[in-house]
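Below is one structure, written out as structure tokens, with a few remarks after it.
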Amino acid sequence: MKKIAGIVALVVVAAIFVIIGVVRKGSGGEDRRIAVIPKGTSSVFWESVRAGAEEAGKELGYEISWNGPELESDRERQIQIVEDFIALKVAGVVLAPNGSTALVPKVEEMFVKNIPCVIIDSEIDTDKYVSFAATNNYQGGVIAARRMGKILDGEGRVIVVKFMPGSGSTTNRENGFIDTIEKEFGGIEIVDTKYGMATVETALQAAEDLLTKHAELDGLYACNAGTSVGSAQALQSQGRSRRNAHRQAQVGSH
Amino acid sequence: MGYIGVKTLVDKIDGKDVPKLIDTGVELVTVERLEEPKIKALLNLQ
């Protein structure tokens with residue numbers, strides 16, 4: 001009976017060592033967690049980004065901690081999430097900043113604290129990061145404009161449903177589209193633009209406002225997932241979707 | 001982009017040199033192209 005108690009005690013001691021070992025690993029900079037922070041979690045686009053991040057995590061032996069604000073307009077929440085991951089001492093952070101200036105202090109704090117940070121999707125107004133991986137969003141807008149020019153045979157009246165001020169990726173896309181229409185398609189006029197903002201509902205409202213204001217239109221450019229869905233719903237509800245004329249096109253990236 | 005972001009971060013953690021700027025590419029997707037395997041993978045469609 002004494003012997004069995006001894007073995008049990010040994011097992012308990014061993015278990016304690018294992019627990020200490022795990023705790024040490026967690027707090028000593030050997031963390032195998034990578035934080036991935038999207039601009040927002042409510043758009044289907046970010047789900048494909050998440051799938052890619054988790055695939056890489058599995059391949060490379062890191063756990064992916066996925067957390068972002070629900071709405072892409074919620075910069076305060078994203079700043080808070082970065083702060084929480086800094087406190088958790090994760091191995092590194094992959095961040096899609098939802099404000100190109102709002103997130104600068106947190107990104108620079110990570111740089112000072114030697115927490116490697118890779119910026120994805122949208123640029124940030126500092127160079128204190130490891131790497132910036134994104135679509136050439138301006139070029140995405142250029143491609144969309146040329147597609148529009150081709151569908152309309154170079155003539156028509158077009159509206160643009162923008163996303164929101166201060167969002168790097170979409171601002172570049174909008175500029176690429178507008179600049180190219182102006183430069184390459186003299187017969188196409190951009191008659192109006194409006195910000196759709198962070199939800200499908202607000203984008204739907206913005207698109208409906210533009211459609212109501214302008215009776216004669218030939219094309220609509222929406223610059224991201226949410227504004228595209230909202231715009232498509234607005235076109236349908238007003239019975240103004242001529243599917244053959246306005247074939248939906250999307251510019252995607254990994 | 002999620003894949004490239006995590007991969008680049010781990011390269012940096014492992015002490016490798018990583019480029020400051022990575023262009024993940026742009027692709028025009030139309031309704032006609034939705035069945036292409038490349039496009040399905042890009043948009044994470046099953």
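Select from region A:95-120 the residues that are open to solvent by 10 Å² or more (accessible area, probe 1.4 Å) and in contact with a helix residue (DSSP H, G or I) (Cβ under 6 Å, 6 or more places away or on another chain) and write down the one among them that is farthest from the other protein chains (Cβ to nearest Cβ).
If we filter region A:95-120 for residues that are open to solvent by 10 Å² or more (accessible area, probe 1.4 Å), which is where we start, we get A:100-102, A:104-106, A:108-109, A:111-116.
Of the ones still in play, those that are also in contact with a helix residue (DSSP H, G or I) (Cβ under 6 Å, 6 or more places away or on another chain) are A:100, A:102, A:106, A:116.
Details: A:S100: 16, A:A102: 20, A:K106: 16, A:P116: 5 Å.
Filtering first and then ranking leaves A:A102.
Look through region A:26-44, keep the residues that are open to solvent by 60 Å² or more (accessible area, probe 1.4 Å) and part of a helix (DSSP H, G or I), and return whichever of them is nearest to A:V94 (Cα to Cα).
It comes out as A:V44.
Please find, among B:V18, B:V6, the residue that is at pLDDT 95 or above and either assigned to a helix (DSSP H, G or I) or closer than 22 Å to A:R147 by Cα (or both).
Values: B:V18 fails: either assigned to a helix (DSSP H, G or I) or closer than 22 Å to A:R147 by Cα (or both).
Result: B:V6 is the single residue among B:V18, B:V6 that is at pLDDT 95 or above and either assigned to a helix (DSSP H, G or I) or closer than 22 Å to A:R147 by Cα (or both).
As an exercise: evaluate A:G61 against (1) out of contact with any strand residue (DSSP E or B) (no Cβ under 9 Å at 6 or more places or on another chain); (2) at negative phi and give the number of the one condition it does not meet.
All conditions are met except number (2).
Please find, within chain B, the residue that is least open to solvent (accessible area, probe 1.4 Å) out of those that are more than 12 Å from the chain's Cα centre (by Cα) and among the acidic types (D, E).
It comes out as B:D11.
Could you tell me which residue of region A:128-148 is nearest to A:E182 (Cα to Cα), considering only residues that are at the interface with chain B (Cβ under 8 Å from one of its Cβ atoms), open to solvent by 20 Å² or more (accessible area, probe 1.4 Å) and free of Cβ contacts under 8 Å to residues at least 40 places away in the same chain?
Here the answer is A:Q139.
Just to verify a result, which residue in region A:50-70, among those that are more than 8 Å from chain B (Cβ to nearest Cβ) and either hydrophobic (A, V, I, L, M, F, W, C) or in a loop (DSSP other than H, G, I, E, B) (or both), is surrounded by the fewest Cβ atoms within 10 Å (Cβ to Cβ)?
A:G61
When you check A:V161 against the structure, is it part of a helix (DSSP H, G or I) and away from every other protein chain (no Cβ under 11 Å), yes or no? Steps first, please.
On the way: part of a helix (DSSP H, G or I): no; away from every other protein chain (no Cβ under 11 Å): yes.
It is false that A:V161 is part of a helix (DSSP H, G or I) and away from every other protein chain (no Cβ under 11 Å).
Mind checking which residues of region A:124-146 are of a type outside the set (A, V, I, L, M) and assigned to a loop (DSSP other than H, G, I, E, B)? Walk me through how you get there before you give the answer.
At the first step, the residues of region A:124-146 found to be of a type outside the set (A, V, I, L, M) are A:125-129, A:131-132, A:135-141, A:146.
Correct list: A:D125, A:T126, A:D127, A:K128, A:Y129, A:T135, A:N136.
The values are calculated or read from the model by the stated rules, or taken from the named source; none is laboratory data. In this text the structure is predicted, and so the values were computed from the model without any measurement. Counting neighbours? That spans all protein chains shown, and the Cβs are built from the backbone with ideal geometry, glycine included. These area figures cover heavy atoms from the full protein model, side chains too; ligands, DNA and RNA do not enter into them. Shrake-Rupley method; radii C 1.70, N 1.55, O 1.52, S 1.80 Å.
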